[in-house]
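Worksheet for the structure shown next.
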Amino acid sequence: MNKTRLNSHFFPIISAYNSVFSLGSPMIGIGLLGVTFLHPNIALGGIISLTSAFCFLFLLGKIQEEEIRGTYFLNSLLIGLFIGYLFVLDFNVIFIIFGAAGLNLLITYFLHSILKAYFLPVLSLPFVLVSWAIALGTQNFTNLSDATPYFSIFNSNHLPDVPALFLKSIGAVFCAPDPLVGLGFILLITLYSPMTSVFLILGFLVGYLTESQLILSSIDPLKKFHYFNYSLIFSAIAGNFLIPSRFSIILAGGGTFIAVFISAATLSFWSPFHITALSLPYNLTIILILRTLKTAIPAKINGIFAGSPERNLDLAHLQWLRYRSPEIGIFCPFEGTWSVQQGFYGEWTHGGNWSHALDFVITGKNGKTYQDPGLELTEYYAFGQKIVSPVDGYVINLHSSH
């Protein structure tokens, strides 16, 4: 396997780590991976799950589908981390991880086929559904060793309750509710994106203060690991799915406030089964807000994710300076010299929804778009030419018909 091909496979796996916090730096991904090894059982669970996911995609020949691949790797990582948190790794647990990777693939493709019709991301919904299935199903297995008693390498009694809860909740993003893990994550994130760290803290505070005011519970506050949902919601809305602004921050605060009620309902439903809410409040809140924005004010949604809130803000400012508009300019979807055969309101086919379409062709020295006699597609100069993306991003779908 050559170096280019190795990087094309290795990079998406590392990207699964930094995409958990919606960051775009491979080095941050490697750093987050390193921090997870404070709990080797959890870290190895994630790596085994990612390896299983890679094997599934490779066998199915779908390794090049960027959008589904990234979502699948992200959810596979989280599932492996969660299983590594629950059980001591042995052959039986590895067997469960392999099966979970297969179930994750089916659910990811299924949810993608539904949500893409509404232009919505899958997020970590497959992780939630598969992890719940694993947690429920394995209650009937007697040959699994509980790993949770071993995950306490730092005595949080030396910290005030609120900071300890925040750090534990940040660690719980990677299924490692340990304040030392959370501290490592926050330090890495702050080095790359201070704005993300601020948003994570603000989201936690909004959720914590709302729950403290509205919810009375006998659960130990230091065991409420679902607080990471509030941090992720605030950060995603304030700086990732929207360009950082006063509007995005207000909306993030409102979304976090609403998520508290989703968390309360989820915890009440799953508590009898001794199962946590996982990231369901985050997923539901983000999907509901994105769908509302796409319907009401789609211009508010960030069209291109640049890797961090700071870079999103810089890119939006650059677009404004260039075009005096928040709209994103596009380039031609081809290389070389082409011609427009039919433009806006073209008399042949450009009417109705197609009024502003452009038909690009390649013309030869004779002024024709094909070689004689032009009866086969392969005789047209444009046939088989490379098509490139008109904007920075990933190609998520390809349609070909004739």
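A few remarks follow.
- Couplings 3J(HN,Hα) for the stretch 38-47, derived from phi with the Karplus relation 6.51 cos²θ - 1.76 cosθ + 1.60 (θ = phi - 60°), are 4, 10, x, 4, 5, 4, 5, x, x, 5 Hz, where x marks Gly and Pro.
- Spacing of the two label points (7 Å from each Cα toward its C-beta) at Leu136 and Ser339, in nm: 6.3
- Accessible surface, 1.4 Å probe, highest first, among residues Arg291, Arg246: Arg246, Arg291
- Tilt relative to the chain, helix 26-36 - C-alpha long axis, 0 to 90 degrees, to 10: 20
- Taking amide H as placed 1.01 Å from N in the peptide plane, Gln342 has its amide H under 5 Å from the amide H of Asp359, each at least 5 places away in sequence or on another chain.
- Against the main long axis of the alpha-carbon atoms of the chain, helix 3-18 sits at an angle near 50°.
- Evaluated at q = 0.15, 0.26, 0.32 Å⁻¹: base-10 log I(q)/I(0), Debye formula over Cα of the stretch 232-280: -0.46, -0.85, -1.06
- Built amide H within the under 5 Å cut-off of Asp178, gap 5+: Gly171, Ala172
- Over all directions, the projected convex hull of the C-alpha atoms in the stretch 264-311 averages 4.9 nm² in area.
- Dimensionless Rg over Rh [the chain; C-alpha; Kirkwood]: 1.03
- Axis angle, to the nearest 10 degrees, between helix 161-172 and the longest C-alpha principal axis of the chain: 50 degrees.
- Annotation: amide H-H contacts under 5 Å for Ile301 (H modelled 1.01 Å from N, sequence separation of 5 or more, or interchain): none.
- Number of Lys-Lys pairs in the chain with C-alpha atoms under 24 Å apart and a separation of 8 or more places or on different chains: 10.
- The stretch 171-290 - percent of accessible surface contributed by carbon and sulfur, probe 1.4 Å: 77
- Scaled against 2.2 N^0.38 Å for its residue count N, the alpha carbon radius of gyration of the stretch 336-394 is 1.31.
- Kirkwood hydrodynamic radius of the stretch 243-354, from the reciprocal of the average inverse Cα-Cα distance over all distinct pairs: 18.2 Å.
- Gain on full stretching of the segment that runs from Ile330 to Asp372 - 0.36 nm per residue minus C-alpha separation: 11.7 nm
- The convex hull drawn around the Cα atoms of the stretch 19-63, when projected onto a plane and averaged over every direction, covers 3.6 nm².
- Summarised as an ellipsoid, the stretch 179-285 has semi-axes of 24, 17, 11 Å, derived from the eigenvalues of the Cα gyration tensor scaled by 5 and square-rooted, with the largest first.
- The heavy atoms of Lys386 offer some 120 square angstrom of accessible surface to a 1.4 angstrom probe.
The values are calculated or read from the model by the stated rules, or taken from the named source; none is laboratory data. What you see is a predicted model; the values in this text were computed from it and never measured. Reconstructed Cβ throughout: ideal geometry from the backbone, glycine too, with neighbour counts over all protein chains shown. Surface accessibility is based on the protein's heavy atoms, side chains included, excluding ligands, DNA and RNA. Shrake-Rupley method; radii C 1.70, N 1.55, O 1.52, S 1.80 Å.
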